[in-house]
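Student: Handing you a structure now.
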Amino acid sequence: MTAQRPNIIYIVSDDLGYADLGCYGGREAAFGPVSPHIDRLAAGGVKFTQGYANSPVCSPTRFALMTMRYQYRLRGAMEEPINSRSKGSTTLGLPPEVPTLPSLLKRAGYHTALIGKWHLGYPPSFGPRRSGYDEFFGIMAGGVDYFTHCSSSGEHDMYLGEDEHHEVGYLTDVLSQRTVDHIHQRAADARAGTPFFLSLHYTAPHWPWETRDDAHVAPAVAKHLFHLDGGNVHSYRRMIHHMDEGIGRIMAALRQHGLDHNTLVVFTSDNGGERFSDNWPLVGGKMDLTEGGIRVPWIAHWPAAIAPGAVSTQHCMTMDWSATLLEAGGGRADPDWPLDGQSLLGVLREPAQRFERPLYWRMNHRGQRALREGDWKYLQVDGHEYLFNLAQDERERANLAAREPQRLERLRAQWLAWDATMPPIPADATVSLGYSAKDMPQR
């Protein structure tokens, strides 16, 4: 590893499916490759095939990303997800006193910025600038129209710091351009020894289903951003491609300033795919603890420290990656807030390296619980228990619970012991579903 601390860009897409990218087996679109620039990042770095999100829905995963701890430790993360009705709440958000990845990197000498989606509570009680970011440009809500930048409540939702900000443009392109501009602004300081940490949290390819050419769709979806009567696979892939084009421009800006060699770029999704995504060979998607809801792409590109063309089967989840970035940047955890995330820095250096990493999840929605340990997964949905060997059956179709009752009992007990260390889900925690079987057939 280079002695100089890296610049760090943490790219999070929104509702991206496990197999939506070419480098994860995704099909080409009618217009050609969907994600050539992201595929290039994977080819020039390391791709993880057994990586997960901390939750199958957005804001809980973002709590884990920021705190490097299981999200269940904070009240706001009990919402599945935080919705616009929480505006003005003093409890449903990321408390400013909680140490975060940006606040700890800032303490270590980094300049910190978030461009894109926050979704961790609204000012005045919460906000990016209160949780360690020097700069913020983006949206506070979980989703907005790509052209009007209005949330599902109909309110305009674009901010510069904590001030409302109006800007014309397709949101994905606006976020990409802001990032390119930020690199230009920070390049001299980065070369002089003040590295930057940049969170780039796209909303793509989250609904509404609008490509760069679909401004005419915006008025029709203004009050119905779930866009239940629109979209298709073709527009969805184009939305991913727009994000990919922006990432290509971002990498070009790093090369222009000679920063690409020692910039650690991590790419992922906040949860599994939505209605138009490709999760093959996994089943389920957003809101599900089946593999399609939680297994996501994880790509790391850092020429100074990562050899190209590597593939890792290390088990990991969102909070582990944030812990990795903290260590890479020379930051230290606050002893009063010990991390649940485990650093993967050794794996980045030697992708063949593996360590045991049990992973736990729970969801208020449908009473779901899950534990992955080695090749095995314990799952409960709607009171039904399942046991899968993911090395043989990652599609989770062959339930081995009756064949292996002792293993089922052991993993159930292990999950219950872990759950007992977490605060219980309060009775007033909400589950917000955008659609149900009355809107479209079940998966």
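The values are calculated or read from the model by the stated rules, or taken from the named source; none is laboratory data. Note that this is a predicted model, so its numbers are computed, not measured. Using ideal geometry, Cβ is built from the backbone for each residue, glycine included, and neighbour counts are taken over all protein chains shown. The protein model used for the area step is the full one, side chains on, heavy atoms only, and it has no ligands, DNA or RNA in it. Shrake-Rupley method; radii C 1.70, N 1.55, O 1.52, S 1.80 Å.
Student: How large is the charge dipole for the range 136-177, taken about the Cα centre, if only the Cβ atoms of Lys, Arg (+1) and Asp, Glu (-1) carry charge, to the nearest 20 debye?
Tutor: 140
Student: If you don't mind, another one. Find which of 16, 343, 139 sits farthest along the positive direction of the dipole of the chain, computed with +1 on the beta-carbon of Lys and Arg, -1 on that of Asp and Glu, about the Cα centre.
Tutor: Ranked along the dipole, the leading option is 343.
Student: Calculate how many DSSP beta bridges within the chain are antiparallel, expressed in % of all such bridges and rounded to the nearest 5.
Tutor: Of all bridge pairs located within the chain, approximately 50 percent are antiparallel.
Student: What is the local net charge at residue 199, summed over the other residues whose Cβ is closer than 14 Å to its Cβ (Lys, Arg +1; Asp, Glu -1)?
Tutor: Spelling it out: positives minus negatives among the neighbours equals +2.
Student: Same structure again: With charges only on Cβ, +1 for K and R and -1 for D and E, what is the dipole size of the range 270-400 about its Cα centre, in debye, rounded to 20?
Tutor: About 140 debye.
Student: Let me ask something else. As an exercise, take the mean of 1/r over every pair of distinct alpha carbons in the chain, invert it, and state the Kirkwood radius in angstroms.
Tutor: 21.8
Student: On the accessible surface of the chain, probed at 1.4 Å, how many percent belong to carbon and sulfur atoms?
Tutor: 50
Student: Using a simple charge model, +1 on the beta-carbon of Lys and Arg, -1 on the beta-carbon of Asp and Glu, nothing else, what dipole does the chain show about its Cα centre, in debye to the nearest 20?
Tutor: That gives a dipole near 800 debye.
Student: Per residue, how large is the accessible surface of the range 88-131? Use a 1.4 angstrom probe and give square angstrom.
Tutor: For the range 88-131, the per-residue accessible area is 31 Å².
Student: Cβ under 11 Å from residue 18's Cβ, residue 18 left aside: what net charge do those residues give with Lys, Arg +1 and Asp, Glu -1?
Tutor: Its environment carries a net charge of -3.
Student: Moving on to the next point. Using helices alone, what [θ] at 222 nm do you get for the chain, with -39,500 (n - 2.57) per DSSP H run of 4 or more residues, divided over all residues and rounded to the nearest 500?
Tutor: Rounded to the nearest 500, the figure is -7500 deg cm²/dmol.
Student: Which of the helices in the chain, when you take each full DSSP H run, stretch at least 27 Å along the axis at their Cα atoms and have an average Kyte-Doolittle score of -1.0 or higher?
Tutor: Membrane-span-like by this criterion, though nothing is claimed about a membrane: 171-192, 233-256.
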